[in-house]
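**Student:** The structure is given below, and queries will be raised subsequently.
The values are calculated or read from the model by the stated rules, or taken from the named source; none is laboratory data. Computed from a predicted structure; not experimentally measured. In this analysis, Cβ positions are derived from the backbone assuming ideal geometry, glycine residues included, and neighbour counts consider all displayed protein chains.
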Amino acid sequence: MLGALLTAGPSAGAEDLAALEGRLAQGGLVLGRTAAGAKVTLDGRPVRVGPDGVFLIGFGRDAAATAVLDVTLGDGRRQRRTLAIEPRKFDIQRIDGLPDKMVTPPPDLLARIKRENAKVAELRRVDSEFAEFTAGFIWPVAGPVTGVYGSQRILNGEPRAPHWGVDIAAPTGTPVRAPAGGVVRLAEPDFYLTGGTLLIDHGHGLMSAFLHLSAIDVTVGQQVKQGEFVARVGATGRVTGAHLDWRMNLFDMRIDPVLVAPPLPPDPNCPPNPFGRPSSC
């Protein structure tokens, strides 16, 4: 399940042509269900609709306050809904002690980083017909959260891009489970910044990425089931310690895994942060 069922329509008493399940928020992912054969757009962009009427929509870190969902059924009925997108406040995270070449890579490494980024970007354009995401998601590992989605990163005192995943601290070698079923699209043992890197395609453009791995136990093209062991936690790439960085993308849109997975059990030793997640401690 992706969250509480949303039934907001364009007017009181109107029958919605699509049921929405999930959090309408910056970084959120929403599962939609409509009639087979329907056509759906979000802000004018076509959305894949499965043969059973299932579709996904998502909202980036800096999504606007509203989005327009347009649903047209095969019988000609049409509904346009303006969705209110919940704004969020994002943390500032300072990380010191990184090697200088990991913060500002030398010119001879920039070409490598660009090649690796381009490979990932190409894979994120894959639009698979299957829909493994309908079964919901589980956490790939258990442990304290040490980094959150959307936080502004300050690395060795230098402002850098926001963090796009959730960091979960765990010892090197801890098994990583597939949070949902899918197909392995990337299994790279040694990317420069992200180290051991694994991508699992859950369908409809939704992918999970797992970074800084010490080992990858699956191969490209392999089908995996939810809960299957696929890799092991590590401290490879740009890190200061062993952890799993779990990221989610809907095509090129960054999604917050915390808004998709069930709540983490609270750690009694850590005070909750403003988003209700265990804070770094």
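**Student:** So Lys114 passes all but one of these: (1) over 30 Å from Arg33 (Cβ atoms); (2) in contact (Cβ under 8 Å) with a residue 60 or more places away in the chain. Which condition number does it fail?
**Tutor:** (2)
**Student:** Quick one: how many residues across region 204-216 are of a type in the set (Ser, Thr, Tyr) and part of a loop (DSSP other than H, G, I, E, B)?
**Tutor:** Counting residues in region 204-216 that are of a type in the set (Ser, Thr, Tyr) and part of a loop (DSSP other than H, G, I, E, B) gives 1.
**Student:** For Thr219, which of the numbered conditions (1) part of a strand (DSSP E or B); (2) more than 16 Å from Ile168 (Cβ to Cβ); (3) not aliphatic (A, V, I, L, M) fails to hold?
**Tutor:** Against the list (1) part of a strand (DSSP E or B); (2) more than 16 Å from Ile168 (Cβ to Cβ); (3) not aliphatic (A, V, I, L, M), Thr219 comes up short only on (1).
**Student:** Would you check if there is a residue in region 201-211 being outside the structural domain of Val54 (by TED's automatic domain parsing) and more than 23 Å from Ala121 (Cα to Cα)?
**Tutor:** No, every residue in region 201-211 fails to be outside the structural domain of Val54 (by TED's automatic domain parsing) and more than 23 Å from Ala121 (Cα to Cα).
**Student:** Going through region 177-216 one residue at a time, which ones are in contact with a Phe, Trp or Tyr (Cβ under 6 Å, 6 or more places away or on another chain) and over 24 Å from Val239 (Cα atoms)?
**Tutor:** Ala180, His202, Gly203, Gly205, Leu206
**Student:** Right, something else. Among the strands (runs of 3 or more DSSP E) confined wholly to region 27-73, which include 2 or more residues that are crowded, with 17+ Cβ neighbours inside 10 Å and touching a residue at least 60 places away in the same chain (Cβ under 8 Å)?
**Tutor:** Once the strands (runs of 3 or more DSSP E) in region 27-73 are filtered for at least 2 residues that are crowded, with 17+ Cβ neighbours inside 10 Å and touching a residue at least 60 places away in the same chain (Cβ under 8 Å), what remains is 29-34, 54-58.
**Student:** Just checking, how many residues over region 124-141 are within 13 Å of Gly227 (Cβ to Cβ) and not β-branched (Val, Ile, Thr)?
**Tutor:** 6
**Student:** Only one of Asp167, Asp190, Asp201 is in contact with a strand residue (DSSP E or B) (Cβ under 9 Å, 6 or more places away or on another chain), free of Cβ contacts under 8 Å to residues at least 60 places away in the same chain and not in a loop (DSSP other than H, G, I, E, B). Can you tell me which?
**Tutor:** From the options Asp167, Asp190, Asp201, the qualifying one is Asp190.
**Student:** Does region 89-125 hold any residues that are more than 15 Å from the chain's Cα centre (by Cα), surrounded by 14 or more Cβ atoms within 10 Å (Cβ to Cβ) and modelled with pLDDT of 95 or more, and which are they?
**Tutor:** Answer for region 89-125, where residues must be more than 15 Å from the chain's Cα centre (by Cα), surrounded by 14 or more Cβ atoms within 10 Å (Cβ to Cβ) and modelled with pLDDT of 95 or more: Glu116, Asn117, Lys119.
**Student:** Let me ask you something else. Output the residues belonging to region 136-166 that are at pLDDT below 95 and under 16 Å from Arg232 (Cα atoms).
**Tutor:** Ala142, Gly143, listed by residue number.
**Student:** Only one of (1) of a type in the set (A, V, I, L, M, F, W, C); (2) at pLDDT 95 or above; (3) out of contact with any strand residue (DSSP E or B) (no Cβ under 7 Å at 6 or more places or on another chain) fails for Phe133. Which number is that?
**Tutor:** Here Phe133 clears every test but (3).
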